[in-house]
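Here is the structure we will look at.
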Amino acid sequence: MLTPEDHALLAATGPKTPMGAYLRHFWLPALLSRELPERDGTPVRVRLLSEDLIAFRNTSGDVGLMREFCAHRGASLYFARYAECAVRCWYHGWKYELDGTCTDMPNEPPTSTFKDKITQQAYPCVERNGVIWTYMGPRASRPPLPDLEWLTVPEDNTYTSKRIQQCHWTQGMEGDLDSSHLGFLHQEAIGRTVEHATYESARWMLEDSNPKIELVDTDGGMLIGSRRQADGKSYYWRINQWFAPWYTTIPAFTGDGPLAGHAWIPIDDETTWVFAFSYHPTRALTEGELVHMRGGSAIHSELIPGTFAPVHNKSNGYAAGAPDAKQPWMRIQNFQDQDVAITESMGPLYDRTQEHLGSTDNAIIQSRRRIINGAKALMNGQAPRANARDFSLRPVSVKLDRDIVKWSEAVAEPMEARPETFMASV
Ligand code: FES
Ligand SMILES: [Fe+2]
């Protein structure tokens, strides 16, 4: 459990909070490229880290992200005129460039130099593989864009979606750090899969409900190795990564399937953008895989059209199975919906002073410690330093001999995100 002080520190994401300041030292996915299809088209309101922002694509195709409310008297720039590579507030015509500099103030006398003193808060953006990335921290400590493998492979090898989750970002993320819930929360869902599965790993996952979870610290986060009984001479290992502060990875369930993961980006202290990414290191995703993903499957949710709200949500009981069934596992049948239902069921911001964490919660304890310590170090003047290569690992699913003790060394090579290499999952 956390102390009341650490709980409060972990919870707050706003710009004037210690955790908010720490989180702003990392690049983050802000929105999907497909949300801004046109140059000088309709802008998009986007809330990130408790800040209301406006995103737009300018006349030359570059993306801008700035504070929603005009530096003059706060009119929303949602209603601005977007032209000539700039944003002109509809109210009095103040004009802002992509970097927030104010270059025209037509309601002031022509001799006025007032505009030189005004800057609209703006954040740099980079587009990569269908996602618009931003950095909201101080310019001097801006790290390189992370070398996450889903950003470095060809765009055809990837698919990214996003959805809203109604709870604190760590509450959702911690589900990905906790392999031991698979055999419980997803028991029936995995069971249904096993009936049709041609692979053994689903059975191993179901049969061993008490996996041993071992952590190995890395420069950018940690490896989470979950060991289950396989056959007499081997263990089944699923190895995921957590990259500070908000990325998780998920190995394929079997064979040549795509790898996956999430970015858990705070909208504010009680709501989260969940970016879900699927990618294959060495091949384009097939049409069949894409149809499956777009329709909402595995980690991608089916959304209410025109929104990022999942079709199955709290208001309808997350029901996708037999809506009248008594047991929740009959009503809520999709993997993804089960994770959302259970992490939202804790409320928007669960009081972490009330928990009792056990041995399989070790990755949760460790990730919290790392980001809380990071925020505290920043308060003492030590800014986090993220190297691009820290993120360059991929998740794996393997069978290893029981006598292999150093599993992280045994999987070091297949785990390295090297172009044109890929080891199929067991
Ligand atoms: S409020 Fe934007 S120009 Fe006046
Ligand atoms: Fe889950």
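Observations, loosely collected:
- Nearest-ten-degree value, helix 187-196 long axis tilted from longest Cα axis of the chain: 70 degrees
- Across segment 27-141, the volume of the C-alpha convex hull divided among the residues equals 101 Å³ per residue.
- Charge dipole (Cα centre; +1 on Lys/Arg Cβ, -1 on Asp/Glu Cβ; no other charges) of segment 149-415 amounts to roughly 300 debye.
- Put in line by how crowded their Cβ is, counting other Cβ atoms within 10 Å and starting with the fewest, Ile404, Ile332, Ile164 read Ile404, Ile164, Ile332.
- Proximal lysines to Lys16, defined as alpha-carbon separation beneath 28 angstrom and excluding residues fewer than eight positions away on the same chain: Lys95, Lys115, Lys117, Lys162, Lys376
- Sparse packing (at most 14 other Cβ atoms within 10 Å of the Cβ) combined with a DSSP loop state is found for the following trypsin sites (Lys or Arg not before Pro) in segment 161-255: Lys233.
- Per-residue HN-Hα couplings for segment 14-30 [Karplus 6.51, -1.76, 1.60; θ = phi - 60°; Hz; x = Gly/Pro]: x, x, 9, 10, x, 5, x, 5, 5, 4, 6, 8, 10, 5, 9, x, 9
- Gap separating the Cα centres of segment 104-140 and segment 308-325, nearest whole Å: 41 Å
- Sum of side-chain charges, Ser392 neighbourhood, beta-carbon under 9 Å (Lys, Arg +1; Asp, Glu -1): -1
- Between helix 335-344 and the chain: long-axis angle, C-alpha atoms, 0 to 90°, nearest 10: 60 degrees
- From least to most packed, judged by other beta carbons within 10 angstrom and beginning with the fewest, Arg128, Arg389 follow the order Arg389, Arg128.
- Coarse-grained scattering of the chain at q = 0.09, 0.12 Å⁻¹, given as base-10 log I(q)/I(0) from a Debye sum over alpha-carbon atoms: -0.59, -1.03
- Rounded tilt (10° steps) of 362-379 against the dominant C-alpha axis of the chain: 30 degrees
- Coil-residue trypsin sites (Lys or Arg not before Pro) of segment 292-335, DSSP, other Cβ within 10 Å capped at 11: Lys326
- Between segment 380-400 and segment 1-72, the alpha-carbon centres lie 23 Å apart.
- Summed side-chain charge close to Arg39 - residues other than Arg39 whose Cβ falls under 10 Å, Lys, Arg +1, Asp, Glu -1: -2
- Fewest-first ranking of Cys70, Cys85, Cys125, using other Cβ atoms within 10 Å as the exposure measure: Cys85, Cys125, Cys70
- Where only DSSP H runs of four or more residues are counted, the chain gives -5500 deg cm²/dmol as its mean residue ellipticity at 222 nm, each run worth -39500 (n - 2.57).
- Along segment 86-98 the Karplus relation, 6.51 cos²θ - 1.76 cosθ + 1.60 evaluated at θ = phi - 60°, assigns HN-Hα couplings of 9, 10, 10, 4, 5, 6, 10, x, 4, 10, 10, 8, 4 Hz to successive residues, with x for each Gly and Pro.
- Residue range of the chain that is longest and free of GluC sites (Glu not before Pro) which are both DSSP loop and sparsely packed (at most 11 other C-beta within 10 Å): 39-419
- About the Cα centre, charge dipole magnitude for segment 1-94 (Lys/Arg +1, Asp/Glu -1 at Cβ), debye: 240 debye
- Each Cα pair under 8 Å and six or more residues apart adds its separation to the average, and for segment 1-114 the resulting relative contact order is 13 percent.
Every read-out reported here was derived from the displayed coordinates using simple, explicitly stated rules and does not represent laboratory data. Quantities reported herein were computed from a predicted structural model and do not represent experimental measurements. Please note: Cβ atoms are built from the backbone with ideal geometry, for glycine as well, and neighbour counts cover all protein chains shown.
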